[in-house]
Amino acid sequence: MQSWPSRPVPRVPGTPRPLRLHDTATGEIRPTTPGATATMYVCGITPYDATHLGHAATYLAFDLVHRLWLDNGHEVHYVQNVTDVDDPLLERAERDQDDWVVLGMRETALFREDMAALRVLPPRDYLGAVESIPEIVETVAKLLADGVAYRADDKRYPDIYFDHNGSGRFGSVSNYDEPTMARYFAERGGDPERPGKRHPLDALLWRCARPGEPSWESELGAGRPGWHVECSVIALNRLGMTFDVQGGGSDLIFPHHEFSAAHAEALTGEHPFARHYAHAGMIGLDGEKMSKSRGNLVFVSRLRADHVDMMAVRLGLLSGHYRADRAWTADVLADAEARLARWRAALARDTGPDATDTITRLRDHLADDLDTPQALRAVDAWADAALAGEGGDHSAPARLRDAVDSLLGVAV
Ligand code: ZN
């Protein structure tokens, strides 16, 4: 798959701060410890609908991780997938009498435009599930051979499942107890009631071809891949074991990230899959969680069509902490538009207060588990002072503009 266009990221003078990030597996805020090349995998979309603000908030959070690593002088190898064949996509295509391939292509194209408009830096590797089928088949075959995967006891459709405890470390990502796992497994695409499985929590690796469903011939028989193994394989084959950050929304903690890690750990015998499992909170609209079932999604493309400034959307989403479940309201957008206007007015001035301190605070707050609310307030303070006519530093506006561009991704 083709990623979206990149943009140059200005170098910021001064001393970068190493990023500390919350890790779901340990429950701690710990330093990220990348080598020369920092490595990150963030789960991509299933392209059956347009990108809503919940998705956007997640990709913005990991965009800041990307930017802080760049600021610290690392190369960044960022990988993202597109689940371009899976039940939700096929169901939506069927409902709308659409061609699932065309629907997937259309929504993926829209997603790329949305990400570019929000100034999200693109992944180096952007891969679809369909184009990854050969490597997924190879992996599933190995899991079968290793005895950690099995065929369901079903003569007609002997689908392949992963023994949930195949790695011996099941639960090490989410730390959920079994009732919680059972609930989320059922709610989030699992099939606990499927006859022929050895345990309700075992996850699908390969689904045998059904009439009317797309399938691919392979040594496993004709079929299509499960979702968790898709991400596991795409990440493992690009980044190897123990990459720096596995990211996504908090609704991916279980079962998705638990199983992606378990597959890779069972396959390699190594642990952990990722050093950090980082998760972004959910975005609600006017007090309700934004979800397709409630029909209250705010789409990035709709805001673009309404000529809403994407930099205000970016600032609005960054005005709350990435880990918090938070609301999107008309006030959040209005506040962000007002903030953007103040920053633009202040940064357009010939002079302002020395920006060194502000840039240091910006870096400190972002390095502290992406504390964007505080980071934005640091820029507010400088803007207020500049608009009040304080300071006579001629280089300050340009320096701060570069820092805001580089570290927050906001063009002012
Ligand atoms: Zn994933």
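The values are calculated or read from the model by the stated rules, or taken from the named source; none is laboratory data. No experiment lies behind these values; they were computed from the predicted model shown. No Cβ is skipped: glycine too gets one built from the backbone with ideal geometry, and neighbour counts run over all protein chains shown. Accessible surface is based on the protein model in full, side chains and every heavy atom, while ligands, DNA and RNA are left aside. Shrake-Rupley method; radii C 1.70, N 1.55, O 1.52, S 1.80 Å.
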Tilt, helix 133-145 to longest principal axis of the chain (alpha-carbon atoms), in degrees rounded to tens, equals 50
Computed on Cα atoms only, the convex hull of the range 126-218 has an orientation-averaged projected area in nm² of 7.3
What's log10 of I(q)/I(0) for the range 8-122 at q = 0.16, 0.17, 0.18, 0.19 Å⁻¹, Debye sum over Cα points only, no solvent? -0.84, -0.90, -0.97, -1.03
Modelling each spin label as a point 7 Å along the Cα-to-Cβ direction, I'd like the SER215/ARG169 distance in nm, to one decimal. 3.5
Strictly greater than 30 Å: what percent of every Cα pair in the chain meets that? 43
Hey, if we sort SER319, SER232 by accessible area with the 1.4 Å probe, largest down, what's the order? SER319, SER232
Relative packing of 404-412, 32-40, which averages over residues the other C-beta atoms within 10 Å, highest first: 404-412, 32-40
Given a Förster distance of 35 Å, the FRET efficiency implied by the Cβ-Cβ spacing of GLU75 and MET105, rounded to the nearest 0.05, works out to 0.70
Cα-projected label distance for ASP357 with THR329, points at 7 Å along beta-carbon direction, nm: 3.3
Toy charge model, Lys and Arg Cβ at +1, Asp and Glu Cβ at -1: the chain dipole around Cα centroid in debye, rounded to 20, equals 460
Using just the helices of the chain, give the 222 nm mean residue ellipticity in deg cm²/dmol: DSSP H runs with n ≥ 4 each add -39,500 (n - 2.57), and the total is spread over all residues, rounded to 500. -12500 deg cm²/dmol
Write down the accessible area per residue of the chain in Å², having rolled a 1.4 Å probe over the full set of protein chains. 40
Carbon and sulfur together cover what percent of the accessible area of the chain at a 1.4 Å probe radius? 48
What is the sum of charges around ARG314, taking Lys and Arg as +1, Asp and Glu as -1, for the other residues whose C-beta is under 10 Å from the C-beta of ARG314? -1
Name the aspartates and glutamates eligible as straight-distance cross-link partners of LYS142: C-alpha to C-alpha under 18 Å, and not fewer than 8 places from it in the same chain. ASP159, ASP163, ASP202, GLU217, GLU219, GLU230, GLU265, GLU270
Checked the range 238-356 against the a/c 1.5 cut and the a/b vs b/c comparison, axes a ≥ b ≥ c from its Cα gyration tensor; verdict oblate
Test of understanding: what is the full-extension gain from ALA36 to TYR157, defined as 0.36 nm times their sequence separation minus their Cα-Cα distance? 38.9 nm
Under the rule a/c < 1.5 gives rounded, and otherwise a/b versus b/c splits prolate from oblate, where does the range 308-395 land using the Cα gyration tensor? oblate
Kindly rank 240-246, 211-217 from highest to lowest mean number of other beta carbons found within 10 Å of each residue. 240-246, 211-217
Would you list, by chain and number, the aspartates and glutamates whose Cα falls below 16 Å from the Cα of LYS289, excluding same-chain residues fewer than 8 positions away? GLU187, ASP251, ASP325
Mind checking which of GLN80, HIS52, PRO10 is farthest towards the positive end of the range 1-88's charge dipole, using Cβ charges of +1 (Lys, Arg) and -1 (Asp, Glu) about the Cα centre? PRO10
LEU333, LEU118, reordered so the largest accessible area comes first (probe 1.4 Å): LEU333, LEU118
Tell me, in nm to one decimal, what length is gained between ARG7 and ALA222 on full extension, where the rule is 0.36 nm per residue of separation less the Cα-Cα distance? 73.2 nm
Which order do HIS228, HIS307 take by accessible area at a 1.4 Å probe, largest first? HIS307, HIS228
